[in-house]
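Here's the structure we're looking at; comments come further down.
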Amino acid sequence: MSHSSEHKTPLSYPEKYKFISHVNEEHQDELAMFAEAFTDLAIEATTPVNIKEVFVEGVELTIPNEDLSTDQCRFVKFDQPILIAEDLKAQYIALMQKAAKKLGKKTIKLQNQEFTVKDSYLVTPNMLRLVVTAPPATPLSHPGYAYLFDLTSPASATEQLAAADTESTRKQCYYTLRRAWQHEEGQNSPDAQSNTSQHQGEISAWIDVYLHGDTPGGNWARSLQSGDKITSLRDYPEKIEHLSNGQCLLIADETSLPTVARLLEVWQNPIAPIVFAITNDAEDSKYLENLELQEAMRQMDIRQRAIIIPILNSPDMDLTAHISERLAEDPDLAALTIDRVWGALEAADAKALRKRLKAELGLTRQDMVLKVYWRRQ
């Protein structure tokens, strides 16, 4: 798929520059996957791959030589040329899907899925749990599996949000499954309200939504009522495979605590992780106290063995410096060698933490995954 001699027209849309900056900063693993799948170059775990330019016909990647003295360029062609600005994201996703399929990896799926709301209630002062009936193919044990929900569904929610609707109001938002289970005869359901015999074979799930002020996603979640049907537009599997061995560090704020909670419940790594649980309300740190462990995991009792460290966030806190100092100065942590990291935070926090921990821990791209789950307005 390398076509360096083909005629190429640089994309003229101003959105291009924001796209290049975002992908180069946040999606190094995907760019490395493109290089591995579509070029003739060998990519090491530490090799940085960047988008140099976006054309109507495809993207040009830069990949350093082994001695890092010069870069090699490779052109990766889109399936279809870019005709309007909105095509750029669609064609990038198409490349992701093609590369993942070629390399046998999981990636994003573009598909509409329907969920039915059964109940909702607060599990901490600021975490609202939606109990839903989920689609038949819903994964039951993949922590962090996310759905891009259409915030204009259902009609009742749309009407309630209409008064606050503006040009900038967000219409879609990713939320991860906190947990999903299939109803089977003779087994207790995690949801005390469920009638197992009545719903045998059905898949139910929890979607936990952090309520932080007047936000489109929070307002949407609050507005939902029993019987409402909500729609997702994409599925996205979280990258967690690297956590299967070694000493792991998990870093989560309220938006990613559902992923960490599920990770702990299905933890298979014989070494228990360190968890930094960052909240703006001390009461929300109790979110990790009531985990339902699978039978095999009860032998480990992750609740006692995992080092769970609550961090009460505040506007004047330097979160990156605080985490770095805790790792270096806490005797229990300083004695450990961190082999793997997974975290998901606000964009600026994730960027700063990624840079700091990369320097301090010396981990490869595959072993340090720090995701952006939201952005401050």
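Eigenvalues of the Cα gyration tensor times 5, then square-rooted: what semi-axes does that give for the range 15-103, in whole angstrom, largest first?
With the √(5λ) rule applied to the range 15-103, the semi-axes are 21, 14, 11 Å.
Hey, fewest Cβ within 10 Å first, where do LYS52, LYS101 land in order?
LYS101, LYS52
Can you give the translational diffusion coefficient of the range 241-374 in µm²/s, computed by Stokes-Einstein from the Kirkwood radius over Cα pairs at 37 °C and 0.692 mPa s?
218 µm²/s
Given ALA37, ALA344, PRO14, which one lies farthest toward the positive end of the charge dipole of the chain, if we put +1 on the Cβ of every Lys and Arg and -1 on the Cβ of every Asp and Glu?
Final value for the positive-end residue is ALA37.
Under a plain spin-label model, where a point goes 7 Å from the Cα along Cα-to-Cβ, how far apart in nm are TYR13 and HIS212?
2.8 nm
For the range 330-340, in order, what is each residue's ³J(HN,Hα) by Karplus, 6.51 cos²θ - 1.76 cosθ + 1.60 with θ = phi - 60°, in whole Hz (x at glycine and Pro)?
These are the phi-based 3J(HN,Hα) values: 6, x, 5, 8, 4, 7, 9, 9, 7, 9, 9 Hz.
Between ASP79 and LEU140, what is the spin-label point distance in nm, taking each point 7 Å from the Cα along the Cα→C-beta axis?
About 3.1 nm separates the two model spin labels.
What lysines could a cross-link reach from LYS229, if we take a straight Cα to Cα line under 22 Å and drop same-chain neighbours fewer than 8 places away?
LYS109, LYS118, LYS171
Among TRP206, LEU110, SER314, whose Cα projects farthest towards the positive end of the dipole of the chain, with charges put on the beta-carbon of Lys, Arg (+1) and Asp, Glu (-1)?
Projecting each Cα onto the dipole axis, the largest value belongs to LEU110.
Starting from the range 23-72, pick out the GluC sites (Glu not before Pro) whose DSSP state is loop and whose Cβ has at most 14 other Cβ atoms within 10 Å.
GLU44, GLU66
For LEU41 and GLU329 in one chain, what is 0.36 nm times their gap in residues minus the Cα-Cα distance, to one decimal in nm?
Full-extension gain reported as 99.5 nm.
Using the crude model of +1 on Lys and Arg Cβ and -1 on Asp and Glu Cβ, and no other charge, please compute the dipole size for the chain relative to its Cα centre, in debye to 20.
My answer is approximately 540 debye.
Using only helices, what value at 222 nm comes out for the chain when you add -39,500 (n - 2.57) per DSSP H run of length 4 or more and divide by the total residues, to the nearest 500 deg cm²/dmol?
Calculated from helices alone, the mean residue ellipticity at 222 nm is -7500 deg cm²/dmol.
Tell me the label-point distance for the pair LEU103, THR70, using the 7 Å Cα-to-Cβ offset, in nm and rounded to one decimal.
Placing both labels 7 Å beyond Cα along the Cβ direction yields 2.6 nm.
We did not get these values from a lab; they are worked out from the coordinates using the rules stated. Just so it is clear, the model here is predicted, and its values are computed rather than measured. Note that we place each Cβ from the backbone using ideal geometry, even for glycine, and neighbour counts take in every protein chain shown.
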